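Everything on this sheet refers to the single structure shown next.
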Amino acid sequence: MRLINENYLELQGSYLFSEIAKRVNRFKEENPDADILRLGIGDVTRPLVPAVVEAIKKAVDDMASADTFRGYGPEQGYDFLREKIAQHDYCERGIAITADEVFVSDGAKCDTGNIQELLGTEVHIAVTDPVYPVYVDTNVMAGRSGNFDPAEGRYTNITYLGVTEENGFVPELPDERVDVIYLCYPNNPTGTVLTKAELAKWVDFAGKNNALILFDAAYEAYVTEPDIPRSIYEIEGAKEVAIEFRSFSKTAGFTGARCAYTVVPKALKGYDSDGNEHSLNAMWLRRHTTKFNGVPYYTQRGAEACYTPEGKSQIQTDIDYYLGNAKIILQGLKEAGIKAFGGVNSPYVWLKCPGQMKSWDFFDKLLKEAHVVGTPGAGFGRSGEGYFRLTGFNTKENTMKAIERLMKLK
Ligand code: MLT
């Protein structure tokens, strides 16, 4: 019998960004001449920076010569990249992370989705609401979510931590048992942040409750304000309770090139049902080596070049460019009298749909009347209803055009 994993039947609709793409493609077919401006999925538009391109070209040349050709690399990443990551992203910022705590992969989406394989099916997970849908859906697939309750618009076995206008976008500690907490800061989708003191409360909570924090820091490079942590390991005690995910996608334009990494500190332990400790670092290594054959050599050489002085400064220019776009969006929304959040330490702006509109209604209106694509807040969870996400990842010209059109909406 071709019995299926019935947990998949609990998934709601299609993956958010596939659903958006489907609707946009349908609109495009019906309106072939429409000049559609995409401020939806967080995909970058700036090309790879010259330092990265040069490094990739050189690495391709390496592959063309028998003397320097590389076949399978280490599954967890080449030392040359793992060492640079540990040195530049952590040690130079006063955080002691070693190269063997860094696992290079082809994306933070895959890593944040796959990490739950290390956990027992009975662990109780908590997510913020709204939330990046990958965290929820992968736990649904694994059978941890319980059933979807249509009346509540939520899964029965997941704890949802509101990140809303009402609580200033600061989630409250749960008052029930949770074993695993997904936190994404700077936050996707709201673009809001936690201060060090706010994040420290979560590290403390996890320490006291033997819980695990899965910290998605894919947008850390966008932090501009002081006292906003770029890594959870800036908080004392975090190495005992947290795994951190990072990506070159939004930082260095690798959405097409594919490179990311996950830090699993050796100090972090999980427990078996007899209470014995096990190294999550060793388990993730085992999983990685079993299921993954590594990121291409030339991609890793490109990622390595992000840490050269030229690479760093070229990348910073792009980040500033996207942050400039987020500022344009924020300013335009303000002038249009639309409430908006985020966009200061993040490429994402989270707006309240005008006139009490629902998220998908606003999506359709914006697409049909302004030919602008955004992401409906409801797609990120119940608490996202009535809100909408725009990204600063398009070009400056398109961003300005999109905002002008949005401001003219009736
Ligand atoms: C987003 O738009 O939320 C992200 O680009 C999706 C992703 O990184 O997978």
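Given the conditions (1) in contact with a strand residue (DSSP E or B) (Cβ under 6 Å, 6 or more places away or on another chain); (2) open to solvent by 20 Å² or more (accessible area, probe 1.4 Å); (3) not in a strand (DSSP E or B), and given that H278 satisfies all but one, which numbered condition is not satisfied?
For H278, the failing item is (3).
Give me the pairs: first residue in the stretch 224-250 and within 17 Å of N281 (Cα to Cα) and of a type in the set (S, T, Y), second residue open to solvent by 40 Å² or more (accessible area, probe 1.4 Å) and more than 16 Å from the ligand (Cβ to nearest atom), beta-carbon distance under 7 Å, and six or more apart or on different chains, which are they?
Here the result reads Y233/K239, each pair linking the stretch 224-250 to a residue that is open to solvent by 40 Å² or more (accessible area, probe 1.4 Å) and more than 16 Å from the ligand (Cβ to nearest atom).
Quick one: Q116 ticks every box in (1) touching a residue at least 40 places away in the same chain (Cβ under 8 Å); (2) farther than 30 Å from I228 by Cβ; (3) polar (S, T, N, Q) except a single one, so which number is it?
Going through (1) touching a residue at least 40 places away in the same chain (Cβ under 8 Å); (2) farther than 30 Å from I228 by Cβ; (3) polar (S, T, N, Q) one by one, Q116 breaks only (2).
Does any residue of the stretch 49-60 turn out to be among the charged types (D, E, K, R), assigned to a helix (DSSP H, G or I) and within 30 Å of A402 (Cβ to Cβ)? Reasoning before the result, please.
Initially, the stretch 49-60 is screened for residues among the charged types (D, E, K, R), giving 54, 57-58.
Pick out the ones that are also assigned to a helix (DSSP H, G or I) and you get 54, 57-58.
Imposing the further condition that a residue be within 30 Å of A402 (Cβ to Cβ) reduces the set to none.
So far as the stretch 49-60 goes, no, none of its residues is among the charged types (D, E, K, R), assigned to a helix (DSSP H, G or I) and within 30 Å of A402 (Cβ to Cβ).
May I ask you to list the residues in the stretch 13-33 that are exposed (fewer than 13 other Cβ atoms within 10 Å of the Cβ) and away from the ligand (no atom under 13 Å from the Cβ)?
Passing the criteria: G13, S14, K22, N25, R26, E29, E30, P32, D33.
Suppose the filter is open to solvent by 40 Å² or more (accessible area, probe 1.4 Å) and part of a loop (DSSP other than H, G, I, E, B); does K410 pass it?
So K410 fits the description; yes.
Tell me, which residue of the stretch 150-169 that is surrounded by 16 or more Cβ atoms within 10 Å (Cβ to Cβ) and in contact with a helix residue (DSSP H, G or I) (Cβ under 8 Å, 6 or more places away or on another chain) is farthest from I115 (Cα to Cα)?
T164
When the stretch 236-269 is examined, which residues are found to be open to solvent by less than 20 Å² (accessible area, probe 1.4 Å), of a type in the set (A, V, I, L, M, F, W, C) and either assigned to a loop (DSSP other than H, G, I, E, B) or more than 15 Å from Y90 (Cβ to Cβ) (or both)?
Of everything in the stretch 236-269, those that are open to solvent by less than 20 Å² (accessible area, probe 1.4 Å), of a type in the set (A, V, I, L, M, F, W, C) and either assigned to a loop (DSSP other than H, G, I, E, B) or more than 15 Å from Y90 (Cβ to Cβ) (or both) turn out to be V241, F248, A252, F254, C259, A260, V264, L268.
I need every pair where a residue in the stretch 17-28 that is closer than 17 Å to A378 by Cα has its Cβ under 9 Å from the Cβ of a residue that is within 13 Å of the ligand (Cβ to nearest atom) and of a type in the set (S, T, Y), sequence separation at least 6 or different chains.
Listed by first residue and then by second, the contacts come to F17/T375; I20/T375.
Output the strands (runs of 3 or more DSSP E) that fall wholly within the stretch 86-191 and possess 2 or more residues being touching an Asp or Glu at 6+ places or on another chain (Cβ under 6 Å), or say none.
Fully inside the stretch 86-191 and qualifying: 159-162.
Please state which of the following conditions A326 fails to meet, knowing it meets all the rest: (1) within 16 Å of the ligand (Cβ to nearest atom); (2) closer than 29 Å to A55 by Cα; (3) surrounded by 14 or more Cβ atoms within 10 Å (Cβ to Cβ).
Answer for A326: the failing condition is (2).
With the checklist (1) closer than 29 Å to N281 by Cα; (2) free of Cβ contacts under 8 Å to residues at least 40 places away in the same chain in hand, flag the one item F69 doesn't pass.
If we test F69 against (1) closer than 29 Å to N281 by Cα; (2) free of Cβ contacts under 8 Å to residues at least 40 places away in the same chain, just (1) comes out false.
Taking the stated definitions as given, is K201 among the basic types (K, R), within 21 Å of the chain's Cα centre (by Cα), surrounded by fewer than 23 Cβ atoms within 10 Å (Cβ to Cβ) and assigned by TED's automatic domain parsing to the domain that holds G94?
It is false that K201 is among the basic types (K, R), within 21 Å of the chain's Cα centre (by Cα), surrounded by fewer than 23 Cβ atoms within 10 Å (Cβ to Cβ) and assigned by TED's automatic domain parsing to the domain that holds G94.
Cβ-Cβ distance below 6 Å, separation of 6 or more or different chains: which pairs start in the stretch 99-110 with a residue that is of a type in the set (D, E, K, R) and end on one that is within 12 Å of the ligand (Cβ to nearest atom)?
Pairs that qualify, where the first residue is of a type in the set (D, E, K, R) and the partner is within 12 Å of the ligand (Cβ to nearest atom), are D106/R258; K109/V134.
Examine the stretch 59-80 for a residue that is within 16 Å of the ligand (Cβ to nearest atom) and in contact with a Gly (Cβ under 6 Å, 6 or more places away or on another chain), and state whether such a residue exists.
no
Going by the conditions given, is T224 under 27 Å from F17 (Cβ atoms), modelled with pLDDT of 95 or more and not assigned by TED's automatic domain parsing to the domain that holds I41?
Details: under 27 Å from F17 (Cβ atoms): yes; modelled with pLDDT of 95 or more: yes; not assigned by TED's automatic domain parsing to the domain that holds I41: yes.
Yes: the conditions hold for T224.
For A303, all conditions in the list (1) out of contact with any strand residue (DSSP E or B) (no Cβ under 8 Å at 6 or more places or on another chain); (2) more than 16 Å from the ligand (Cβ to nearest atom); (3) within 29 Å of C259 (Cβ to Cβ) hold save one; what is the number of the exception?
So A303 meets the others, but not (1).
I'd like to know if the stretch 198-216 contains one or more residues that are within 16 Å of the ligand (Cβ to nearest atom) and aliphatic (A, V, I, L, M). Please lay out each step first, then the result.
First pass over the stretch 198-216, keeping only residues within 16 Å of the ligand (Cβ to nearest atom): 214-216.
Next, from what is left, pick out any that are aliphatic (A, V, I, L, M): 214.
For the stretch 198-216, residues within 16 Å of the ligand (Cβ to nearest atom) and aliphatic (A, V, I, L, M): present.
Check A108, A86, A142, A126 and return the single one that is of a type in the set (A, V, I, L, M), within 16 Å of the ligand (Cβ to nearest atom) and within 22 Å of the chain's Cα centre (by Cα).
None of the others qualify; the one that does is A108.
Quick one: which of A21, A34 is in a helix (DSSP H, G or I) and either on the phi > 0 side of the Ramachandran plot or among the small types (G, A, S) (or both)?
Going through A21, A34 in turn, just one is in a helix (DSSP H, G or I) and either on the phi > 0 side of the Ramachandran plot or among the small types (G, A, S) (or both): A21.
Check G386, G381 and return the single one that is within 16 Å of the ligand (Cβ to nearest atom) and in the same structural domain as R38 (by TED's automatic domain parsing).
None of the other options fit; the residue is G381.
The values are calculated or read from the model by the stated rules, or taken from the named source; none is laboratory data. None of these values were measured; they are calculated from a predicted model. Note: ideal-geometry Cβ built from the backbone for every residue, glycine included; neighbour counts use all protein chains shown. Areas reflect the complete protein model, heavy atoms only, side chains present, ligands, DNA and RNA absent. Shrake-Rupley method; radii C 1.70, N 1.55, O 1.52, S 1.80 Å.
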